[in-house]
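**Q** Once you've had a glance at the structure underneath, I'll fire off some questions.
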């Protein structure tokens, strides 16, 4: 799905499902117990972790100098 | 934002009450919800401390969560039409009772034919006053929230062409809810996601979930 197609469907109103009334009657019989899913660190997040998503290390970026910088370094 | 009527069970009164499901919240709603919820998180911790439950292992595992922080960390364009995020919630008695932060891009199936897109539930939580905290004999107020939030994620997955497929990483205390109540397949601890168990609902599972009858 390209970005334009996605934008057309992404925020379409959902409305109740066809079977919603029966589903809701069933749902209120189900103990919620505990339903939390996802990860939010209890302490300060790592610098790049703002969304709760796993932190993925970036690959090292090779240092490439411009010819001028190389010339300066060679001095 | 579109919304429709539903019901929740008020456990103390033993009756069903009216509620509203919202399928397109703004980030502002997350700030509002945390404003309502944060003092109740403190209440739970106060009760745990009063009961001598000083070990965090006895605490609800999302007691430290903060939806305002999640909202602040989410660029607004992510919830716009070209973005990847959609926010859902259930409201009753003038308060947010439960919230769901879902992502529609970048996550794929591990169940059945792998690599197909699915709706990933990045965060889902019910209001602190709805928690069952057995260590202090605290019973939640409303019932029917978790399944109805999941229903909305399944509907979104269906509307965008993912067949109802949904995945999430559950906190340990919630694994039973998703595997038993919602019949999601538990893939066990995910070393790439803080060791939380990854669970997934297939198209068939989604059809079964929505087809539940009382």
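**Q** Calculated from DSSP H runs of 4 or more alone, at -39500 (n - 2.57) each and per residue, what is the 222 nm mean residue ellipticity of chain B, nearest 500? It would help to have the intermediate numbers written out before the result.
**A** Values: 4 runs with 53 residues, N = 214.
Rounded to the nearest 500, the figure is -8000 deg cm²/dmol.
**Q** Now, a different point. To the nearest 10 degrees, how steep is helix B:145-159 against the longest Cα principal axis of chain B, on a 0 to 90 scale?
**A** 20
**Q** While we're here: Using the Cα gyration tensor of chain B, with a ≥ b ≥ c the square roots of its eigenvalues, what is the shape: rounded (a/c below 1.5), prolate (a/b larger than b/c) or oblate (neither)?
**A** rounded
**Q** Compute the relative contact order of region B:104-214 as a whole-number percentage, counting only Cα pairs closer than 8 Å that sit 6 or more residues apart in sequence.
**A** Computed value for region B:104-214: 23 percent relative contact order.
**Q** With springs only between Cα atoms under 10 Å, which of B:93, B:137, B:186 fluctuates most in a Gaussian network model of chain B?
**A** With Cα springs under 10 Å in chain B, the top fluctuation among B:93, B:137, B:186 is at B:137.
**Q** For region B:84-145, build the convex hull from the C-alpha positions and give me its volume per residue in Å³.
**A** For region B:84-145, the hull spanned by Cα atoms encloses 110 Å³ per residue.
**Q** Percent relative contact order of region B:1-146, based on C-alpha pairs within less than 8 angstrom and at least six residues apart?
**A** Answer for region B:1-146 is 25 percent.
**Q** Given a 10 angstrom Cα cut-off, can you work out which residue in B:80, B:151, B:200 is the most mobile in a GNM of chain B?
**A** Maximum fluctuation in the GNM of chain B, among the listed residues, is at B:80.
**Q** Still on this structure, please answer the following. Which percentage, to the nearest 5, of the DSSP beta bridges contained in the protein assembly as shown is antiparallel?
**A** Here the share of antiparallel DSSP bridges comes out near 95 percent.
**Q** Right, here's the next one. Expressed as a whole percent, how much of the Cα-Cα distance distribution for region B:15-142 exceeds 26 Å?
**A** Here the tail beyond 26 Å accounts for 33 percent of pairs.
**Q** Taking the Cα atoms only, what angle lies between the long axis of helix B:27-50 and the longest principal axis of chain B, rounded to 10 degrees?
**A** Tilt relative to chain B: about 40 degrees.
**Q** Which of rounded, prolate, oblate describes region B:1-80, given a ≥ b ≥ c as roots of the alpha-carbon gyration tensor eigenvalues and a/c under 1.5 marking rounded, otherwise prolate only if a/b is larger than b/c?
**A** Oblate shape, in that a/c is at least 1.5 and b/c is the bigger or equal ratio.
**Q** Would you mind checking the radius of gyration and Dmax of the protein assembly as shown based on alpha-carbon positions, in Å?
**A** Cα-based Rg and Dmax for the protein assembly as shown come out at 20.7, 84 Å.
**Q** Please build a GNM for chain B, connecting alpha carbons under 10 Å apart, and tell me which residue among B:154, B:44, B:166 fluctuates the most.
**A** B:44
Since every read-out is calculated from the coordinates, none of them should be taken as a lab result. Since this is a predicted model, take the numbers as computed values, not measurements.
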